[in-house]
Amino acid sequence: MQFHPLTEQLRVATPLGPVRLAASPTGLCGLWFEGQRHAPATLDGPGAWPFARPGHPLLSRAAAQLADWLAGARPGFDLPLDLSGGTPFQQSVWRVLLGIPRGETRSYAEVARRAGAPAAVRAVGAAVGRNPISLVVPCHRVLGAGGALTGYAGGLERKRALLGLEAPAGTAAPAERRAA
């Protein structure tokens with residue numbers, strides 16, 4: 001993935017563990033749980049993105065919306081997004097993910113169909129797994145065939161917790177819910 005060279009980051013504590021938010025000059029371009037697979041090397045070490053100044057407008061807004069979302073106080077996010085780090089195919093898959101409402105799930109096959117590539121289920125799975133803006137671009141809402149709880153770069157326990165957080169009252173446990 002390619003990110004804008006002027007990307008800045010912010011570390012935020014959440015009930016599900018610390019996350020790193022990243023913003024380019026054009027929008028939010030990253031939200032990763034610390035230790036998440038496929039997180040960019042530019043989060044830490046030599047050449048790491050700088051930490052944003054206090055009060056960074058977009059990162060502060062993203063952190064506030066994230067806290068409200070995790071508390072169940074908002075159904076989604078209202079942030080400018082920068083998806084330009086992905087390939088055109090990845091971006092098309094991530095746009096499909098943006099259309100999955102809170103409390104609903106889709107299968108990888110359904111996401112592939114909606115992305116216009118019904119035969120590319122494995123490629124869709126790879127694009128979902130490399131989604132750089134977890135939670136905001138809700139990749140946790142994608143389940144395997146028959147509603148199986150599979151794959152999440154932030155870990156299956158975290159995926160289960162996120163689906164439980166979003167589950168409508170009186171529904172089955174996330175692992176038992178069928179994909180739409």
Response to the item:
Expected unfolding gain across Thr87-Ala167 under the 0.36 nm per residue rule, minus the alpha-carbon gap, is 25.7 nm
Fill in: Residue-wise HN-Hα coupling along region 128-140, computed from phi with Karplus coefficients 6.51, -1.76, 1.60 (Hz; x: Gly, Pro)
4, x, 9, 4, x, 10, 3, 6, 5, 9, x, 5, 5
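Set the Förster radius R0 to 30 Å, insert the Cβ-Cβ distance between Gln2 and Ala117 as r into 1/(1 + (r/R0)^6), and round the FRET efficiency to 0.05.
Efficiency at R0 = 30 Å is approximately 0.85.
How high is the relative contact order of the chain, given as a whole-number percent (alpha carbon pairs under 8 Å, six or more residues apart)?
On the way: 287 pairs, mean separation 37.9, N = 180.
Value for the chain: 21 percent.
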Item to complete: Rounding to the nearest 20 debye, state how big the charge dipole of the chain is about its Cα centre with +1 on each Lys and Arg Cβ and -1 on each Asp and Glu Cβ.
Response: 340
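From the Cα trace of the chain, what convex hull volume per residue do you get, rounded to a whole Å³?
Working: hull volume 18.9 nm³, N = 180.
Measuring per residue, one finds 105 Å³ for the Cα hull of the chain.
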Fill in: Protection proxy ranking, peptides 30-37, 45-52, average beta carbon neighbours within 10 Å, highest first
30-37, 45-52
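Every number in this text was worked out from the coordinates using simple rules, so none of it is lab data. Note that the structure is a prediction, hence the values are computed from the model and not measured. As a convention, Cβ positions derive from the backbone with ideal geometry for all residues, glycine included, and neighbour counts pool all protein chains shown.
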